[in-house]
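The values are calculated or read from the model by the stated rules, or taken from the named source; none is laboratory data. Since the structure is predicted, the reported quantities are computational estimates derived from the model, not experimental observations. Virtual Cβ from ideal backbone geometry, glycine too; neighbours counted across all protein chains shown.
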Amino acid sequence: MSAPVVNVSRRGFLGSMLGAGAFILATRCGTNSSESAAYVSRAESALFSPDIFVGIDADGTVHIIGHRSEMGQGSKSSLPMVIADEMEADWARVIVEQGIGDKRYGDQNTDGSRSVRYFLEKMKQVGATTRRMLEQAAADQWDVPVEEVTARNHQVVHEASNRSVGFGELAEAASKLEVPAVETLTFKDKSEYRYIGKPMHVPDLDAIVNGTAVFGQDFKLDGMVHASVEHPPVLGGKATSFDSADALQVWGVQQVVELPYFTPPHGFQALGGIAVIADNTWSTFQGRKALKVEWEDGPNASYNSAQYKAALQETTRSECAVDRNVGDVYAEFAKGGKIIEAEYYVPLLSHAPMEPPAAVADFRNGKVTVWSCTQNPQAVQETVAAALGIPEADVTAHVTLLGGGFGRKSKPDYCAEAALLSRELGKPVKVAWSREDDIRFDFFHSVAAMYMKARVGADGKPTAWLQRSAFPSIFTTFNLEQERGTPLEMGMGFTDAPFQIPNHRVENGPAKNHVRIGWMRSVANIYHAFAVHSFLDELAAAAGRDPVDYMRDMLGQPRILDLSAEAPEYPNQGADIGEYPIDIGRHLNVLNTLVEQSDWTNRRRALRGQKGRGLGIAVHRSFLSYVGSVVEVEVDAQGTLSIPRVDTVLDAGTTISPERIRSQFEGAAVFGASIALLSKITATDGRIDQSNFHDYQVCRIHQAPKHVNVHVIDSDAPPAGIGEPGVPPFIPALTNAIFAATGKRIRELPLEGQSLV
C-alpha cells in the first residue's frame, strides 16, 4: 500500500526536511527563470537558486536531490554518490530526494545514456564546494589555517591538535560563508574515492524489495477518480459517434468523457478518444469494453506492414541520398569481380516496460500538479501546459519511480490525458494504461530495411562497400515533412562504420510514417548494428577467415577516424568530436580484451565441428561507448535455441557504479535477445495486430541468456553511455553465432518463425 500523501509546499517540505540551522548548497546547471518561482526553496534563499543541491541538517543528515528519473538504471544513486564522495559524506547518512520538474536543474530528460556524461563535473563541483566550505568553517572555529584541516567521513579533523567536528555542527556556520569560485576548488584523486567505482547501497532498494516503493501505477490522492481512454485504433482517427449507455451500467463507472484529438504533428499530445471515469481502474477497463464507438480511421488506415516492408526494401535497392562518401563505389562495382550483397530487416518494436504508463493530475485554480512515472518531467510541464493552454510555470511535475521506461516514458501523452480530464471533472484523476494500450498505442521503435553490397578483392577484403538504410524517422513526431532519416539517426552505427575501406558510401532512402515513432533503448543502433556487423561476418565467412582476424584487418591501425570530409553532417551523438573522437584504438582494445575475456580462440576451436554450437562476435560504438559481445548458442535437433553464455566488454570512459553497469549490461543481453528472437509489431489496415505478451513476445527465463559476464575496461576518458550501448552488438553477435552453429544466415528479425534445421 502506498504511503499517505501530504500536500505541502516545496518550501514547507524542505523546511521540515532540513530543519533549523541547515546548510544547503546548490550549483546552477540550467538557466535561471521565473518558471519555477513558486518553488523557491530554503536552498535558493540561503545560497543559490536550486539546481543540483545538497543540504546538511543540524543533526548531520545530508540530503541530496536526484534530478533524473530512476527506472533501475541507477541515476538516483550514481549522481548523488559523486557529491557524497567528493564532500566526504557518510553514505549511510545521506538521503536522496527525487527532484521535481524544473528547468533550473538543467536537462532532466533521462534518455540517451547521458546522465553521468552531462552531470559528472557539476556533481563534483557541488561536492568539492561543500567540502571546502565545511573545512573553512572548522578552520575558523579553531582559528587554524584551512590547509591544516581535512574533511573525512562526515566530519572535519585537525590532526595536529587531534580535534574533530561533525558536519551537522558546522552546518550553520558554513552557510554564512562566501561560496568559493569553482577555479579555487580542489578535487579528489581517483585513488581517494570511497564510493565512486565501488559497490554501493541503492536508494529505494529496500522499499522496492518490500513493496512500499511508489511507482506511477501506485500513486493515489484522496478524492481522485480513475480513468481509462479508448483511443482511435488508427493513428489520426476520430470517433464519429459513440454510445456509452452500456458502459454506464458497469459497476463503478461514473461518466464517459470525450477527449479532444491531436492536431498534427502529434508530438507528445494526447491521442484523444473516449475516456471512461470510474471508482477504480478495473471498472474503467470493463466500461471501455462496453462502449460502442464508430471510428473514422483517416489516411493511415491504408497502412499494412507486409506491403510497407516490401516498399522499404524496394527503396533500398536503388540509389538514395548520400550521408557519407569516400572514393567511388559505383565505379568500383562496374569493374565486376566478386560481389556480395545482403538485405536486412527489423520490424516495428514496442518498448513494453513492465509498468505501463500512468499519471495522476490535480487541476485547481488554473494550475495543475502531476505525479507520473516519467523520464522527463520538463516535457510533462511543456506538454501539459500546451494541452491546457496555461503557462509552464503553472504545471508542477512530480516523478515517481518507473517500472521500466526504455524511452517510452519520456513522451508524456498520458500525463496530458490526466490533466485534461482533471480540468474537465474538477477533481484529481488517475489515468492508467493497460498492457493492451501500452502495446497498441506506443511510440514504436522504427521499422527499417538495410541493403549492403561489397566488391571484394583476392584477399577477401572489400575494395568497395555500399550500405543503404530506409526507415520512418523519429522526427516525424514533430515534423510532417520529415521523410528521411536524420543525420542523428544515420549517425547511430551507420554513417560512422569504423572500417578502412578505399571506396565507401552510406545512403538513406525516404520512408513515410504511419504510426507514432519514438526513440527506444539504443534507437537506430539496433537495426544499423545488426546490418553492419552481420555483413562484416558474412564477408569474413566468404573469405574463409576467423571473424576476429577479419575485423582487425577491417579496423586497421589505431587512429582517430575523421569524418569531417566524408560525412560533414555527422553529429557524434551531440558531443564534441574533440572530446569524444571516434577512436579506433579503443575499438581495437575492446576487441582484443573481449577475445581474451571470452577465451574466443580456444572456445571457437573446441566448438568447431560440433553441430548446433557456435560463437558470434560484434564490437560497436554507440552513445560514445565502445562495447563488444561474444555470444554462444546451442541449437538442438528440433531447432530450439538456447544461449548458454554471453561475454561483454565495454570501454565507457570514466564510470561511477560497477554494480549498476553490470545490471545494465545483463539486462541489455535479455533485451537484445527479446528483439532478436521474439519481438515484432505488425499492422493491418492501420491497426496494430499485437496486444499483450501472448503475441508481443519478450524473453522468458528459459529463453534468456544463462550467464552474462561483464568486463569493464578501466579508463580515465570522459564518461560515456551505459544504459543503451549493450544492446546493439549483442544482436549481431547472436545471429552470427547462429550462423556458426547452423550455417543459416539470419537477415531478418525476429528469429521466431524461421527454421534453424
### Message
Suppose the filter is under 37 Å from the mean Cα position of the chain (by Cα) and not hydroxyl-bearing (Ser, Thr, Tyr); does residue 181 pass it?
### Response
yes
### Message
Looking at segment 673-696, can you tell me whether even one residue there is surrounded by 23 or more Cβ atoms within 10 Å (Cβ to Cβ) and farther than 21 Å from residue 442 by Cβ?
### Response
no
### Message
I'd like to check something: does segment 46-57 contain any residue that is hydroxyl-bearing (Ser, Thr, Tyr) and at pLDDT 50 or above?
### Response
no
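Please work out which residue is surrounded by the fewest Cβ atoms within 10 Å (Cβ to Cβ), limiting yourself to segment 94-109 and to residues that are of a type outside the set (Val, Ile, Thr) and over 23 Å from residue 406 (Cβ atoms). Steps first, please.
As a first pass, look at segment 94-109 and keep what is of a type outside the set (Val, Ile, Thr): 97-99, 101-109.
Filter once more, so that each one left must be over 23 Å from residue 406 (Cβ atoms): 97, 102-104.
Numbers: 97: 18, 102: 25, 103: 20, 104: 22.
In this case the residue turns out to be 97.
Yes or no: segment 729-741 includes at least one residue that is aromatic (Phe, Trp, Tyr) and over 18 Å from residue 595 (Cβ atoms).
Pass one, segment 729-741, residues aromatic (Phe, Trp, Tyr): 730, 739.
Now restrict to residues that are over 18 Å from residue 595 (Cβ atoms): 739.
Yes, the conditions are met somewhere in segment 729-741.
For segment 250-305: of the residues being in a loop (DSSP other than H, G, I, E, B) and β-branched (Val, Ile, Thr), which is nearest to the chain's Cα centre (by Cα)?
Pass one, segment 250-305, residues in a loop (DSSP other than H, G, I, E, B): 250-252, 260-272, 279-280, 291, 297-298, 303-304.
From what's left, β-branched (Val, Ile, Thr): 250, 263.
Values: 250: 39, 263: 27 Å.
Only one residue fits best here, namely 263.
Look at segment 483-502 and say how many of its residues are modelled with pLDDT of 95 or more, under 24 Å from residue 443 (Cα atoms) and assigned to a loop (DSSP other than H, G, I, E, B).
Going residue by residue through segment 483-502, those that are modelled with pLDDT of 95 or more are 484-502.
This time we only want the ones that are under 24 Å from residue 443 (Cα atoms), so: 484-494.
The next check asks that each one be assigned to a loop (DSSP other than H, G, I, E, B); those that pass are 484-486, 491-494.
So the count comes out to 7.
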### Selection from segment 106-129 of residues that are within 24 Å of residue 177 (Cβ to Cβ), out of contact with any Ser or Thr (no Cβ under 6 Å at 6 or more places or on another chain) and not hydrophobic (A, V, I, L, M, F, W, C)
121, 124, 127, 129
### Task
Run residue 156 past the list (1) under 31 Å from the mean Cα position of the chain (by Cα); (2) aliphatic (A, V, I, L, M); (3) assigned to a strand (DSSP E or B) and report the number of the one that doesn't hold.
(1)
### Message
Return the residues of segment 218-249 that are buried (at least 18 other Cβ atoms within 10 Å of the Cβ), part of a loop (DSSP other than H, G, I, E, B) and among the polar types (S, T, N, Q); say none if nothing qualifies.
### Response
244
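Counting only residues that are in a helix (DSSP H, G or I) and in contact (Cβ under 8 Å) with a residue 24 or more places away in the chain, which one in segment 312-321 is surrounded by the fewest Cβ atoms within 10 Å (Cβ to Cβ)? Quick ask: steps written out before the conclusion?
Applying the first criterion (in a helix (DSSP H, G or I)) to segment 312-321 yields 312-316.
Checking the rest, the ones that are also in contact (Cβ under 8 Å) with a residue 24 or more places away in the chain come to 312-313, 315-316.
Working: 312: 22, 313: 16, 315: 19, 316: 25.
If we take residues in segment 312-321 being in a helix (DSSP H, G or I) and in contact (Cβ under 8 Å) with a residue 24 or more places away in the chain, then 313 is surrounded by the fewest Cβ atoms within 10 Å (Cβ to Cβ).
Please verify whether segment 121-133 includes one or more residues that are in the same structural domain as residue 96 (by TED's automatic domain parsing), on the phi > 0 side of the Ramachandran plot and among the polar types (S, T, N, Q). Steps first, answer last, please.
Filtering segment 121-133 for residues in the same structural domain as residue 96 (by TED's automatic domain parsing) gives 121-133.
Now narrow it down to the ones that are on the phi > 0 side of the Ramachandran plot: none.
There is no residue in segment 121-133 that is in the same structural domain as residue 96 (by TED's automatic domain parsing), on the phi > 0 side of the Ramachandran plot and among the polar types (S, T, N, Q).
I'm checking my understanding of the structure. Among residues of segment 643-672 that are among the β-branched types (Val, Ile, Thr) and closer than 27 Å to residue 740 by Cα, which one is surrounded by the most Cβ atoms within 10 Å (Cβ to Cβ)?
If we filter segment 643-672 for residues that are among the β-branched types (Val, Ile, Thr), which is where we start, we get 643, 646, 648-649, 654-656, 661, 670.
Those left that are additionally closer than 27 Å to residue 740 by Cα: 643, 646, 648-649, 670.
Working: 643: 24, 646: 30, 648: 28, 649: 27, 670: 19.
Filtering first and then ranking leaves 646.
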### Query
If you scan segment 222-254, which residues turn out to be more than 19 Å from residue 359 (Cα to Cα) and touching a residue at least 60 places away in the same chain (Cβ under 8 Å)?
232, 233, 234, 235, 236, 237, 238
### Message
List pairs: first residue in segment 185-213 and farther than 16 Å from residue 150 by Cα, second residue among the β-branched types (Val, Ile, Thr) and outside any loop (DSSP other than H, G, I, E, B) anywhere in the structure, Cβ distance under 7 angstrom, at least six positions apart or on different chains.
### Response
196/82; 203/96
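Would you mention how many residues in segment 649-676 are over 17 Å from residue 624 (Cβ atoms) and of a type in the set (Val, Ile, Thr)?
Total meeting the criteria: 2.
Could you tell me which residue of segment 144-171 is surrounded by the fewest Cβ atoms within 10 Å (Cβ to Cβ), considering only residues that are charged (D, E, K, R) and over 21 Å from residue 91 (Cα atoms)? Full working, then the answer.
Kept after step one, since they are charged (D, E, K, R), are these residues of segment 144-171: 147-148, 152, 159, 163, 169.
Still in the list and also over 21 Å from residue 91 (Cα atoms): 147-148, 159, 163.
Working: 147: 8, 148: 15, 159: 11, 163: 14.
Among those residues, the one meeting the criterion is 147.
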### Query
Do the conditions hold for residue 621, that is, is it within 20 Å of residue 728 (Cα to Cα), modelled with pLDDT under 95 and either buried (at least 21 other Cβ atoms within 10 Å of the Cβ) or assigned by TED's automatic domain parsing to the domain that holds residue 194 (or both)?
no
